[in-house]
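The values are calculated or read from the model by the stated rules, or taken from the named source; none is laboratory data. Keep in mind that what you see is a predicted model, and the values were worked out from it rather than measured. Positions of Cβ are generated from backbone atoms using ideal geometry, with glycine treated the same way; all protein chains shown enter the neighbour counts.
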Amino acid sequence: MTDPADHLLYAADVRKTYRDGDVHAVNGVTLGVRDGESVAITGPSGCGKSTLLNLLGALDRPDAGEVYFRGEPLSGRRDLDRFRARQVGFVFQSFFLLPTLTARENVQVPMFEGPRLSARERARKADGLLELVGMGGRSGHRPSQLSVGERQRVALARALANDPVLLLADEPTGNLDSANAAKVLDLLTQLRKERNLALLVVTHSPDVAERADRVVRMRDGRVVDDGTRPA
Amino acid sequence: MHFATFILKNLTRRRVRTALTVVGLGVAVGSMIALLGVSHNVERSVESAFDIRRVDLVVMQKGKPLMTDSHITEYLVEQVRKMPEVERVSEGVVSSANAVRSDGKTGDPFLVQGWKPDNFGFEDMTVTAGRRLRPGDRHKVMLGRILAGNLGMVVGDTVAFVGVGDPYEVVGVFDSPVVFEAGGAVVPFAEWQALAYGSEKLVTGFSVRVRKASPDSAAEVAAAKAKIEALRDPERSRLELTALSPDKYVDSVSQLQLIRAVSWLVTAIALAVGVISLLNTMTMSVLERTQEIGILRAVGWPRGRVVRMIMGETLVLAAAAAAAGAVLALAAMRTLTLMPAVNGFIEPDLAPGVVARGFALTVLVGLLGGAYPAYRAARLLPTEAIRHD
C-alpha cells in the first residue's frame, strides 16, 4: 500500500454521500499528490470531481476515509481554517472576487489569516503578486472594471497570497475564451514551476489536462483511471 | 488594507440601505437621548439648586406626590425653625398660573412661587434687570428670564395673572440655575399665600439647612429628619410631614417620575426598533453575501473572523446612528426650547453623560441586532459558495 507520508496530499478511500437523495458523490477514492506535481481530474459532469476537490482542500469533510496532508490526517486537525489559509490556494471557475474591493484589496483578503503582516506589508505583497500575474497596472481596479481573464489572474494572485504549497483549481478556464484560457494556463504552469507548487485541477478541458503530469479520470464517484497521460 | 477598511467597504456597498438604517436608527436613538436628556436636565437642575442652596432636607406633606398638592401649616414650619438641629428654613407657596402676554393673549402655564425675602432661592438668583423683592412689596413680581421672554415683558410692565384681581408690577428679571424658576415668577409670600389658601396659614413646603456640629453630618441630618417627621400640629393631627434628602426628593416628585418613566419607555421602544432595524439590515446583508462569506471561509477565514466582520459592520452602523441621534436630539431640544409651552421646564443642553449613555445603549442595540446575523454568517459552509457557482 502507498504510504500517505510519501505524498503532500493523500486521499485514502474517501467517501461523501449527500443526504438529499442519497447520492454517493465520492465513492471510495484513493488518490495521492506529491510536492510540485500537477494532477488533472477529469470526467463527466456530476461524477464527483468538485466534491473530491472540496474534500482534498478541507472545504468539506468526508463521511468515510481519510485525507492526509504530509502524512497527517486532516480529521485530527481542529484548525482546518488555518490549514486552508496557509497551505492551500483556491482558484474557482467564477473567480469569486469581492466586488467592493480593488484587485489589490482582493488579493489581501486571505492574508488576514496568513503570517502576521502589517497593512503596508500586505499591500506591498499584493502588489508583488499582481505584478507576477501581469496585473500590476490594474491593481486599483475593481472586478467590474476588469475583463474575465484579468479577474481570473487576480483570483490566481489571491490564491498565492499566503504562499501555499498546494493549489486547487476548479475549472479555472471554464469561464474564459480560448485566448484568455491559454494565458491563465501559461501562468499556472509558470507559477507552479517557479514555486514548486502541487496543482490539482478539476477540468473538462483537454488543453488543461494536457499540461498536467498526471490525469485522473472519474466516473460515478470513483476513479476509473489514475495516472494516464492524455492521448 | 486594514480589517476595519474591509468592514467599511462592506457598508458603503449599499449606500442607500446603510444611510436609511443609520437615519432610522438615529431617529430612534435621538428620541431616546432627547428624553433621557430632558429627564436628566430637570433632575440635575433641581438637585444642583438644592446643592447650591445647601439644602439638606426638603419637607412636604406626607402622601402628596404632587408638589403643589402639599399643604403644611405655618405652625409646623415654626416648630422646625425652633429646632436646635436646624440652621435655617425657607418656606414657599408654589402654584401654577397663567398670565396675559403683552400681545393680549393668555400664555402657557408656569410656576409662581411666593417667597419671603430671606428665602434661600434669592442667594443664587442673578438679577439681570431691575431689583429683588423687598420686605413690604405688594403686587410686585420678579419674572424669570425665560418667562419674561415668553410674555414679552420688561421691568416696569404689569402682569395680569389669570384669575387674580389686580395686576402685578414687574420689578425685576432674574436668572436662576433652576430652569423652571427661570421659566417662572417669584412674588411676595404673604400675597401668594392669601391667594392660594385664603385666611389659612399654609405653605406648600419648605427647605431645611441642618446645623452641622460634627463631621458626621449624615447622622445629624438623619436625626433632624426623624424629629421633623415626628412633628404634629395639634389643630391638624392627621397632617404628617415627610423630610427627604434632595436626591430622594427628586426621585419622589411624581412629575419627574413621569418624565423618567416616559424616558425609559421611549428608550425601550427605541431599543426594540433599533434591534429590529439592525437585525433586518444585517440579515439581509448576510443573505445577499452568502457566496462571499463562503469564499471568505474557503480562503481560510475562521468563524470568529466572520463574526467579527458582521459585528463590526453592525457596530459601525450603531455608532453612526448614535452620532446622528445625538445631533438630532440636540437639535430637537434646541427646537423645543424655542416653544414657550415647554421652554420654562427644559434646558437645551445635552450632558456628556447622557450622550455616553445613549452611545452605550446603541452599542447594546448593535450587539443584539448583530448577534443573529453574525451567528448565521458564521454557520455558512465554504462549500455553499462552491455550490452557488
Among the numbered conditions (1) over 20 Å from B:Gly107 (Cα atoms); (2) surrounded by fewer than 22 Cβ atoms within 10 Å (Cβ to Cβ), tell me where B:Gly172 comes up short.
(1)
Residue list for the stretch A:93-114, restricted to those being under 16 Å from the mean Cα position of the chain (by Cα) and more than 7 Å from every other protein chain (Cβ to nearest Cβ)
A:Phe95, A:Leu97, A:Val107
Within the stretch A:134-161, which residues are of a type in the set (A, V, I, L, M, F, W, C) and surrounded by fewer than 24 Cβ atoms within 10 Å (Cβ to Cβ)?
A:Met135, A:Leu146, A:Val148, A:Leu160
Which condition number in (1) away from every other protein chain (no Cβ under 14 Å); (2) among the hydrophobic types (A, V, I, L, M, F, W, C); (3) surrounded by fewer than 22 Cβ atoms within 10 Å (Cβ to Cβ) is the one that A:Phe83 fails?
(1)
Residues satisfying the stated conditions in the stretch B:295-310, i.e. more than 8 Å from chain A (Cβ to nearest Cβ) and buried (at least 24 other Cβ atoms within 10 Å of the Cβ):
B:Ile310
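This table checks each residue for (1) assigned to a helix (DSSP H, G or I); (2) not polar (S, T, N, Q).
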site: A:Asp127; (1), (2): yes, yes
site: A:Val154; (1), (2): yes, yes
site: A:Pro164; (1), (2): no, yes
site: A:Leu167; (1), (2): no, yes
site: A:Thr173; (1), (2): no, no
site: A:Ala182; (1), (2): yes, yes
site: A:Leu185; (1), (2): yes, yes
site: A:Leu188; (1), (2): yes, yes
site: A:Glu194; (1), (2): yes, yes
I need every pair where a residue in the stretch A:45-69 that is away from chain B (no Cβ under 13 Å) has its Cβ under 6 Å from the Cβ of a residue that is of a type in the set (D, E, K, R), sequence separation at least 6 or different chains.
A:Cys47/A:Arg219; A:Asp63/A:Arg15; A:Asp63/A:Lys16; A:Ala64/A:Arg15; A:Gly65/A:Asp13; A:Gly65/A:Arg15
List the helices (runs of 4 or more DSSP H) that sit entirely inside the stretch B:149-251 and contain at least 2 residues that are aliphatic (A, V, I, L, M), under 24 Å from the mean Cα position of the chain (by Cα) and not assigned by TED's automatic domain parsing to the domain that holds B:Asn41.
B:179-182
For B:Ile269, indicate whether it is in a helix (DSSP H, G or I) and more than 14 Å from chain A (Cβ to nearest Cβ).
yes
Of all helices (runs of 4 or more DSSP H) completely enclosed by the stretch B:279-389, which ones contain at least 3 residues that are out of contact with any Pro (no Cβ under 9 Å at 6 or more places or on another chain) and aliphatic (A, V, I, L, M)?
B:303-336, B:352-379
